[in-house]
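Everything below concerns the one structure shown next.
The values are calculated or read from the model by the stated rules, or taken from the named source; none is laboratory data. Given the structure is predicted, the values throughout are model-derived calculations rather than measurements. Here Cβ is always computed from backbone atoms with ideal geometry, including for glycine, and neighbour counts include all displayed protein chains.
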Amino acid sequence: MKTSLIKLTLPFALAAVLTACASGPRPPDWQLEAKGSMDRSVAAYMEGNSRVEMAELERARTQLTRSGRADLLATAELLHCATRVASLVMDEPCAGFDKLRPDATDAQRAYADYLKGQVSPSGIALLPESQRAAAAGNAGALQGITDPLSKLVAAGVMLQTGKASPDVITQAIDTASEQGWRRPLLAWLGVQLRRAEQGGDTQAADKLRRRIELTQGTSAAARPPVTKP
C-alpha cells in the first residue's frame, strides 16, 4: 500500500494526522511532533490550562513552518480557533488564521467563516460532512457526530447563530462532562443556568450553581475534609 502524505485535516482531526500505513516508511519527525503538540495543545485548553496550551501550540507552529506550507499551518490555526468556539469564547478573533487566509484553501476559508457563524450557503458544501447540518441550522445536527470536539464546535456554532435548542445545550454539557473538559463544561453550564434563571426555574438554577461550583472545585463537596490535630 502506498504511503499517503501526512497532513492535517478538517476538523479535529485537524490535529490528527493521516498517518502512513503500517508497512510504509516512518513519517518525518516534524509531522509526528506537530501532531503531538497539537493534540496536547487542544487537551490543555479544554482542561483549562492555557499556559501549556500556548506552549504546545508554539511548538506545533514551529514544526509546521518547516514545511513552508501555509495550508498546514492554517489548519492548525483553525483547530486552535475551533477550541474557542467549543468553549463559547466567541469574541476572540482567529488572528493566526487571518494572517494566512490569502494562501489558505477554499475549504479552510469556508471553515473559518463557519466558526464565526457566517458561512455562506455555497460554503456549506465545502465544510466537513459532520458540520454541514449544524451550519444549516438543522435541529438534529449533533446526532450523527461522534467526535467530541466536533460535536462541541457544532453546538457552539448553533448557539452563536441562535439555533441551539435546550437539547443541543444538554448534549454539549454531557459531551464536555464525559471528556473531563472543564473549560467548555463550565461555559455550557453557564448557558443552561442563564436559561433556567430567565425561565424562573429556581430549583434547576440552584442545582446548576452547585454543579458549577463542584466543577470549579469550590464547593464543599469538592474540598477535602479538614482534620483537627
Output for the stretch 72-130, where each listed residue is under 28 Å from GLY48 (Cβ atoms), of a type in the set (Lys, Arg) and surrounded by fewer than 20 Cβ atoms within 10 Å (Cβ to Cβ)
LYS99, LYS116
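Could we say that GLN171 is in a helix (DSSP H, G or I), polar (S, T, N, Q) and either under 18 Å from the mean Cα position of the chain (by Cα) or within 28 Å of TRP30 (Cα to Cα) (or both) here? Outline the logic, then answer.
Working: in a helix (DSSP H, G or I): yes; polar (S, T, N, Q): yes; either under 18 Å from the mean Cα position of the chain (by Cα) or within 28 Å of TRP30 (Cα to Cα) (or both): yes.
Yes; evaluated as a whole, the condition is true for this residue.
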I need every pair where a residue in the stretch 203-221 that is within 24 Å of MET46 (Cβ to Cβ) and among the hydroxyl-bearing types (Ser, Thr, Tyr) has its Cβ under 8 Å from the Cβ of a residue that is modelled with pLDDT of 95 or more and surrounded by 15 or more Cβ atoms within 10 Å (Cβ to Cβ), sequence separation at least 6 or different chains.
THR215/ARG182; THR215/LEU185; THR215/LEU186; THR215/LEU189
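Quick grid of which residues meet (1) at pLDDT 95 or above; (2) over 22 Å from ILE145 (Cβ atoms); (3) buried (at least 18 other Cβ atoms within 10 Å of the Cβ); (4) not small (Gly, Ala, Ser):
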residue: SER177; (1), (2), (3), (4): yes, no, no, no
residue: ARG183; (1), (2), (3), (4): yes, no, yes, yes
residue: GLN192; (1), (2), (3), (4): yes, no, yes, yes
residue: THR202; (1), (2), (3), (4): yes, yes, no, yes
residue: LEU208; (1), (2), (3), (4): yes, yes, yes, yes
residue: GLN216; (1), (2), (3), (4): no, yes, no, yes
Test: residue in the stretch 72-89 that is modelled with pLDDT of 95 or more, not small (Gly, Ala, Ser) and not in a helix (DSSP H, G or I)
yes
With the structure loaded, tell me whether SER130 is within 22 Å of GLN179 (Cβ to Cβ), modelled with pLDDT of 90 or more and in a helix (DSSP H, G or I) or whether it fails that test.
no
